[in-house]
C-alpha cells in the first residue's frame, strides 16, 4: 500500500480471465492488447489460505475475498486505463453495490506484466458477502449467459416485461417483485452519463437471491465509454426502442408506465442535486482520486476527464428531460438539506412554481398510481415554514397543473448529533452456552436509521448492503450463530435480525458499533466484575441498559434483567416506582456545608411516596454490586415529601447518619437499596466542582447550590460558547495517549453532559455528569477507553479537525491541524483566545499554557547506561540525572518533581527544603532496585531506572508545569548526554555529575553503519539490527530506515535525535509498525516473504540495503561474521543487539571450576569432540557478550583429538580489572564464552 508500504504474502491459484478475443491472438512480445492477459486469482485451501483477509480495496465493509480479477484493460489498456473503474465507482456513488477495484503494477515470477486493475469478481460469493446471505443466486450476464443458477427467472422477467401493461398498477407491482426498480435506475444513470457504447447488448451482470429475490444490476466492462462526444444521447441510441437486447427491452417497457418514469426522475434528482453522488463536484472528486492514484504510472492527460465532466451534465439533463425521466426543475429546495439542526429549527421550502406538499414521517406526499396528495402530507405554508422539534425525514414534492415534481428527501437530526442508536441489552454469559447469547440494538431517535455497511467489533457481524432501515423505537436482535434452532426454541416468536460469528467474552470486552467508514458510532465496555451486575455473569440474566441518555460505559447505567433469559427484541419490564430516591449529592465539600467540625460530602434522599417510609435495613453503597456498605439503622423514618441527609464520613460524634465511606469527586456512583437488597435508585456522576452539588430537577440531574434537607436549588452554569479547545497532543510518545484539553473561560462552571466531539467522520457524545470549574482546564484522553476523562476516538497524527457541539448541535469550537510530531503539543497562547502555537518543553495538559522560562532550573546531563562509570553514594552504579540552576539566584526546589518515561508530575518529588544555589548543579540518582524511602537523606533517588534504548525525563515546577524535558534514544554505555555551551544536547566525552559538562564527544557519521541482522514472519515482532564497525560512536540523528526504496518512501522512518551506536556495538529496532510502543520501534514491518530494507543518510543518500528473506519462527538472517558480505540463516542462534554467531560444533566448554581457595585456581576446561587435533590458537575466551576479546589463547595451542585443555585464572586474569582480563564470579554466577578466530585473531562468528 502506498500509504504505509504494507501488504500481504499468501499462496493462491492463478488462471486466465475472459479474453475470448485476445486469447487466440496472444503474443507476449507483440503489441497491446495482444501482449497482455487478464487474470483471475483464487484463494483456496488447495493453494494456501482459504480466503484473502486484507483491505485490498481500502476501508470497505467487505475485506475478505476468495477471488480477485486482475483486469488488463483490453480496450483501455494504456491510457486513460480508468474508464471501467470510473464507471463502477460512479455506480458506488449512487449507494448501490458494485464491484470495487484498485490499481497495481503486476509482476509474475519477477517479470513485469504492466499495470493492472484488480477488482472484485461478480459471482455468488461476492453477492453473499455484500448482502450477508448464502450463495443461492441466479447470476446472468450478456447474451443470456448463466453464471450461476439458471436462466428461467430471467427469461420470465423479460417475458413479463414484454407482455404486461405497465401502465396498470397491478401489472407494474407484479414486475416490481421481480426487479429492484431503484437499483435498476441507479445502475442505468451512471452508464448513461459515461456514454457506454458496448452496452446494453454486452457487458452487464444481473443477479437475484433465490427463491424470490428481485434482480439487481451491476456494471461490468465499460472500456468503450467516453468515446462518443459529450452530447451523445445514450437513451435514444444504445437504449433506444429499436434495440432488442434484454436490458433495452426492460428499460423501454418500463418507460411506458408513469410510475417508473417518476421513480427514475426521483433517482436522478437524488444523485444529480443536493450534494448527491453524481453532481459535478462528486464526480470530480472521484475522478481526482483515480487520477492521483495512476498518475506517474499511466500517461493520462487530466483534461481528458475534466472536459467530459464540464460538458456532460447539461447534455444528459436535457436527454433525461426529453425522455420524461427528469422532473427536477420544479422540485422543492430546502434552506438546509438535512443534517443536524437545533430544536425549533425553521425549515424553509421553495419551488419555482406549483404547490409544495411535504411529510415529516418519511412517507411520500404523493399516492402512487392515484397521483393524488397523501393523507399524511401537509401543504407547505410559505409564511410559517416547517418547525422541527424532533428528528424527521422530510419528503417534499411540488404539484403543478396535475404534474408532480421529483422527490426532495432529507433526514434531519434535531439536537444530539450522535447517531440515535443504542445497545440496550446484552446476554454475554447465558445458561446453556454460547448459542443463547444475544445483543439487542434500538433506534432511540425520531426517524429511520440506515445501518447498511455498519458492523460490530467484539463479535463478527456486518449489516448487509440494502438492509431495511430501522424504524424509530424499533429493536433489532443479533444472535450467536452456534445453534439458531435452540435459540428459537428457548425464545419462541422472537424475531431475529441477524446472526453473528464468534462469542461474547464472559469476562467482558469492548463491544462497538462501527459505521461503513470505520468510525465508532457507540461502544460498551462491559465487565463481569467490579460494579457490574453479577447476576448477568452465568446466572441466566442479561444486562439491560437503564437510561438511553446515560453513559453506556457506566456500570450503574446497566441492571440485571428482572427475569432469567432477559427480553431479547422486546421492551424490558419496568422496575416499580421507587418510594425514596437519591435527590442530591455533594462529592467535594470544601467549605460550603459544615457538619460538626468537618465539611463532609453527603447524599440526600427524598420521599416521593406521599406517605412516611421506614428506612430500617435500607442501604447505601458507592458500589452497586455491594449493596450493604451502609445499612440505615432502625427507627429512621423519612416523612412524606421529606428529606434525609446521610453524611459520607465516619465522624460519628457529629450529628446525623454517617455512611463510613466517601466518594470520589473525579467520578463515582452512589446506589440506594431496599431491605431486600434490590437496587431502588442509582446515580453515576463525573468530575465535580468544589462546593457545588448535583441534584434532581425537571430537566434531569443538574448542578446545584448545596441544600441538604431542603428543596434543590439550581446553580448558574457557564455559557458553553466560552468553552475552548486549548491544547492537544495527536502524536503521543510511546506508552502515552493522545489527549485534548478544554478550557472554561466563563466565571461559572461548565456542564459537559451531552457535548458531542467530532474528529473527521467520527462522533462521540460525552454522557457523564461532569463539570469544569470556572476558569478551569480539563484534559481528556483520546484513547477509546471508558471513563470520565476518556474519549471514544483517537486523534490522527497526520492531521485533521476536532469539533465540539452542544446538545442542540450548535458548534462551540473547532481546531484543524497538520501533521504533529512526537514530543510536541498544539495550544493557544494566551489561553482561550490566543493563536495556536507549538509547545515542546512546556506541554501542560489540564493546566494553563505557558512559555518556557529563559533562566532557572533545567535538565543538564543524563547517564542512562551506567555500568561502572560513576558510583553512587551507596556504592551502586546507578543511572542519574543532573539538573542545573543557570540563573544568578538560589532556587527552592520544594514541590518540584521529576518523572521518567511519562509525563507524570509528582512521580518523584524533591524533599522539602531542597535548594539549588545559583549556577549550581544537583545529581538525582535513578536506582530502580531501591525504594527511595530507604534513603539515606543525602541520596536523592527516584526509584526508577533510565532505559538504555530510549526514554524521556520531565522536570516540573511546584505548579506541576513542565519546565524542561528531554527525549532520547539508543545510548552509549558509560557515556552521558548533556548540554553544550549553546544549550544543545550532545553526546559528551565523559560523565561529570555535579560538575561542568565535558566537551562533546567526537562521533562518526552513519556512512559505514551496516544492516547486520533481521527477522520477519516468526514468533514475536519483526526486527532489524544495525552494526557500527567504527572506532567512534555513530550519531544516527536524521538518518532514515525504510522498506520503501522509492524516492518518496526512502524517508519513511527518520531516526530521532540523541540516538547513538557505540563503537563495535549493535542496536535492535523493532519493526512492528507501531511507534506508540517505544522509541526503539519503527513505523513499518517486514514482509513475511522478504523485501528490501535500506538505511539512508540525512541527504537521502543510500548507505546500506539488504534483501530480507522468509524466516521461520525463531530464526533470523544476517551477516557472518558481523559486517561481512556473507549472508547466512541463524536457525538456532538469532542474536538481536549482539554479535552474530553460529555455534562451534567441534569443541565444547567441558568443565568450569570456581570459588577455589589458594593454592588452587579457578579453571576452564575445553574439550575436542572430533577425531582430529583442533588448532585453537588465537581464539578468545571471555565472560562478556559485549566484549568477546578478553583472553586470547596463545598461538599454536591445540586441543588433542577427543582430548581436553585447561586454562587457569593466572592465564585469563593476569591483570584483575583490566579490559583483557576476567575472573569468574562464583557469588552471583557468570558465563564463559569461547569464540573462534582466524590466524590473525579476528573473530569468525563461531562461538559457544
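The values are calculated or read from the model by the stated rules, or taken from the named source; none is laboratory data. As the structure is a prediction and not an experimental result, all values here were calculated from the model. FYI the Cβ positions are ideal-geometry reconstructions off the backbone, even for glycines, and counts take in every protein chain you see.
Taking the criterion of being touching a helix residue (DSSP H, G or I) at 6+ places or on another chain (Cβ under 9 Å) and modelled with pLDDT under 70, the residues of segment 1-29 that qualify are 2, 5. Annotation: residue 327 fulfils all but one of (1) in the same structural domain as residue 406 (by TED's automatic domain parsing); (2) out of contact with any strand residue (DSSP E or B) (no Cβ under 6 Å at 6 or more places or on another chain); (3) within 30 Å of residue 170 (Cβ to Cβ); the unmet one is (1). If you take the residues of segment 1065-1079 that are in a loop (DSSP other than H, G, I, E, B) and buried (at least 19 other Cβ atoms within 10 Å of the Cβ), which of them is modelled with the highest pLDDT? Step by step, filter segment 1065-1079, then rank; the result is 1065. Kindly indicate whether any position in segment 259-273 is outside any helix (DSSP H, G or I), in the same structural domain as residue 99 (by TED's automatic domain parsing), out of contact with any strand residue (DSSP E or B) (no Cβ under 6 Å at 6 or more places or on another chain) and at pLDDT 95 or above. Yes: one or more hits. Within segment 909-947, the residues that satisfy the criterion of being surrounded by 19 or more Cβ atoms within 10 Å (Cβ to Cβ) and more than 42 Å from the chain's Cα centre (by Cα) are 916, 921, 922.
Looking only at residues in segment 1007-1042 that are part of a loop (DSSP other than H, G, I, E, B) and either without any contact (Cβ under 8 Å) to a residue 12 or more places away in the chain or in contact with a helix residue (DSSP H, G or I) (Cβ under 8 Å, 6 or more places away or on another chain) (or both), which one is surrounded by the fewest Cβ atoms within 10 Å (Cβ to Cβ)?
Per the stated criteria, the residue is 1020.
Taken together, the criteria place residue 137 among residues that are within 30 Å of residue 478 (Cα to Cα) and either touching a strand residue (DSSP E or B) at 6+ places or on another chain (Cβ under 8 Å) or at pLDDT below 95 (or both). Which residues, counting only those in segment 1099-1115, are exposed (fewer than 15 other Cβ atoms within 10 Å of the Cβ) and more than 20 Å from residue 1070 (Cβ to Cβ)? Result: 1099, 1100, 1101, 1102, 1107. Exactly one residue out of 213, 242 is modelled with pLDDT under 95 and surrounded by fewer than 22 Cβ atoms within 10 Å (Cβ to Cβ), and it is 242. Scanning segment 66-91 for residues that are without any contact (Cβ under 8 Å) to a residue 60 or more places away in the chain and within 29 Å of the chain's Cα centre (by Cα) turns up 66, 67, 68.
Annotation for segment 538-548: at least one member residue is in contact with a strand residue (DSSP E or B) (Cβ under 7 Å, 6 or more places away or on another chain), at positive phi and assigned to a loop (DSSP other than H, G, I, E, B). Scan segment 670-685 for residues that are in contact with a helix residue (DSSP H, G or I) (Cβ under 8 Å, 6 or more places away or on another chain) and closer than 16 Å to residue 560 by Cβ and the total you get is 2.
Please work out which residue is nearest to the chain's Cα centre (by Cα), limiting yourself to segment 953-972 and to residues that are part of a loop (DSSP other than H, G, I, E, B) and over 15 Å from residue 926 (Cβ atoms). Once the filter is applied, the top-ranked residue is 969.
I need the full set of residues from segment 290-309 which are touching a residue at least 60 places away in the same chain (Cβ under 8 Å) and either in the same structural domain as residue 379 (by TED's automatic domain parsing) or in a helix (DSSP H, G or I) (or both), in order please. Those that are touching a residue at least 60 places away in the same chain (Cβ under 8 Å) and either in the same structural domain as residue 379 (by TED's automatic domain parsing) or in a helix (DSSP H, G or I) (or both): 290, 291, 293, 294, 304, 305, 307, 308. For segment 424-442, which positions are more than 30 Å from residue 344 (Cβ to Cβ) and either in contact with a helix residue (DSSP H, G or I) (Cβ under 8 Å, 6 or more places away or on another chain) or surrounded by fewer than 24 Cβ atoms within 10 Å (Cβ to Cβ) (or both)? Selection gives 426, 427, 428, 429, 430, 431, 432, 433, 434, 435, 436, 438.
Just one of the listed residues (725, 771, 780, 753) is at pLDDT 95 or above, buried (at least 20 other Cβ atoms within 10 Å of the Cβ), over 30 Å from residue 605 (Cβ atoms) and in the same structural domain as residue 813 (by TED's automatic domain parsing), and it is 780.
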